[in-house]
Amino acid sequence: MRRGLALAALLGLAACGAEPPPPSTTAPRAASACDGNFRIANTGSRPVQRIFWRDSALTAWGTDQLRLDVLEPGRSGNFRVATPGLYDIRILFPDGRALERRNINICSGQVVTIGNFAINAP
């Protein structure tokens, strides 16, 4: 009986040294098409004087993305963030009023719209 158990134990150990299974043939995931390019459209009736954004994990606003330009009503502009992800956007109108929207997922082809009372994003 002991010989039978010993033989079974040896056979079990031999199975541990068997060849590994073949590598998976599952196709790798496609690279994300998100490159950080997006559009901001002013759908409101007032010009936008300044646009700021920041990574949502940060607390300080970046630099004015319009620089010396103004985003007139009915106009839009193309922008790019360094790293796609969640961003907060703040805009200022010439009268000093501001609008903010937090945690916008910036990804390629996205359009963020600025209305008179809100910033909208998909």
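Bear in mind these aren't lab numbers, they're just calculated from the coordinates by the rules spelled out. Remember, it's a predicted structure, so these values are computed and weren't measured experimentally.
Once you have the Cα-Cα distance between Asn37 and Ser76, take 0.36 nm times their residue separation minus that, and quote the gain in nm to one decimal.
Values: separation 39, 0.36 × 39 = 14.04 nm, distance 1.33 nm.
Value of the extension gain: 12.7 nm.
Convex hull volume of the Cα atoms in the range 37-120, per residue, in Å³? Walk me through the numbers on the way to the answer.
Numbers: hull volume 7.0 nm³, N = 84.
It comes to 83 Å³ per residue, whole-number rounded.
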